[in-house]
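Novice: Provided herewith is a single structure, encoded as C-alpha cells, for subsequent inquiry.
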Amino acid sequence: GGLMSPEPVWEAVIRLAASDVLNLNDREHWRLKANKSKHIHQLAKQIARASRAPHLKRALLTVEIAFPDRKRRDPHNWMATVKPIVDGLVKAGVLPDDDAEHLLGPDLRRAPAVSEKNLGQSMYDFRLRLYDKEVQP
C-alpha cells in the first residue's frame, strides 16, 4: 500500500458573484434561496462534467474560499453555498452519495488572497480540491 499521495485527484474553481452566494446568516426569501441553490448546483455539475472529474467511491473535499475583501468572516457560514456544490458533484457522478461513508468534509477554509473582481463586481471563489480516500485492501 504505502502512504496515499496527498495530491488532489481533481481541482476546480467555482466563481460566483456576491449576489449569487448563499450564507447561513442570509435572511432572504426561501424562493430566492432555492433559485440561487439550483444555479450553484447546476454550475457545479457542469464544471465537474466539463473538467472530466473522476468518479470516486470515497473522497475528502476541501473548499478554499477567496472573499472579495479582508473583512473578518467565518468560512463555515458559506456551507450554504458548498452544500449545493456537493449536490452537483454527486449528480455529476463524482461521488455515489454525500453521506459520511462516501464524503469526508467538506472542509472549509479561507483563502489567503482576496478574489479578483469581474467587470467591477465582487466575486467569491470556491476552490474545490478532491482527495481520493478509498481504502485500499
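Coordinate-derived values only; no laboratory data. On a predicted model such as this, the values are computed, not experimentally measured, just so you know. Cβ coordinates were reconstructed from backbone atoms using ideal geometry, including for glycine residues, and neighbour counts include every protein chain displayed.
Novice: Count the net charge of all other residues whose Cβ sits under 11 Å from the Cβ of Asp98, scoring Lys and Arg as +1 and Asp and Glu as -1.
Specialist: -2
Novice: Residue by residue through the stretch 49-59, what is 3J(HN,Hα) from phi via Karplus (6.51 cos²θ - 1.76 cosθ + 1.60, θ = phi - 60°)? Round to whole Hz and write x for glycine and proline.
Specialist: 5, 4, 8, 6, 4, x, 9, 10, 8, 8, 8
Novice: Can you work out D for the stretch 66-105 in µm² s⁻¹ from Stokes-Einstein, where Rh is the Kirkwood radius over C-alpha pairs, the temperature is 37 °C and the viscosity is 0.692 mPa s?
Specialist: Estimated via Stokes-Einstein, D reaches 281 µm²/s.
Novice: Something else about it: Once amide H atoms are placed 1.01 Å from N in the peptide plane, what residues at a sequence separation of 5 or more from Ala111, or on another chain, have their amide H within under 5 Å of its amide H?
Specialist: Residues meeting the amide H criterion: Ile65, Ala66, Phe67.
Novice: Under a Cβ-Cβ cut-off of 12 Å, what is the net charge of the residues other than Ala66 that fall near it, where Lys and Arg count +1 and Asp and Glu count -1?
Specialist: +3
Novice: Karplus couplings for the stretch 33-47 from phi (6.51 cos²θ - 1.76 cosθ + 1.60, θ = phi - 60°), rounded to Hz, Gly and Pro as x?
Specialist: Going residue by residue, I get 4, 4, 5, 4, 4, 5, 4, 5, 4, 5, 4, 4, 5, 4, 5 Hz, with x marking Gly and Pro.
Novice: Please go through the residue pairs Lys38/Lys71; Lys36/Lys83; Lys57/Lys91 and name each one whose alpha carbons sit more than 19 Å apart in this structure.
Specialist: Table pairs above 19 Å Cα-Cα are Lys38/Lys71.
Novice: Would you mind telling me which residue in Ala66, Ala92, Ala50 has the biggest mean-square fluctuation in a Gaussian network model of the chain, where springs connect alpha carbons within a distance under 10 angstrom?
Specialist: Maximum among the listed residues: Ala50.
Novice: If you don't mind, there's one more thing I want to ask. Springs between alpha-carbon pairs under 10 angstrom, Gaussian network model over the chain: which of Ala48, Ala80, Ala113 fluctuates most?
Specialist: Its mean-square fluctuation being the largest, the pick is Ala113.
Novice: Let me ask something else about it. Using a cut-off of 11 Å between beta-carbons, work out the net charge of the residues near Glu134 (Lys and Arg +1, Asp and Glu -1, Glu134 not included). The partial results should precede the final answer.
Specialist: Numbers: positive: Lys57, Arg58, Lys133; negative: Asp132.
With Lys, Arg at +1 and Asp, Glu at -1, the net is +2.
Novice: With θ set to phi - 60° and the Karplus curve 6.51 cos²θ - 1.76 cosθ + 1.60, what are the ³J(HN,Hα) couplings of the stretch 91-106 in order, to the nearest whole Hz, using x for Gly and Pro?
Specialist: 4, 7, x, 5, 10, x, 6, 9, 6, 4, 6, 9, 10, 9, x, x
Novice: Starting from the amide H of Leu104, placed 1.01 Å from N in the peptide plane, find each other amide H under 5 Å away whose residue is 5 or more places distant or on another chain.
Specialist: Correct list: Ala59, Leu60, Leu61.
Novice: Once you keep just the Cα pairs under 8 angstrom separated by 6 or more residues, what percentage relative contact order results for the chain?
Specialist: Relative contact order here is 43 percent.
Novice: While we're on this one: How large is the convex hull of the C-alpha atoms of the chain per residue, in Å³?
Specialist: So the per-residue Cα hull volume is 120 Å³.
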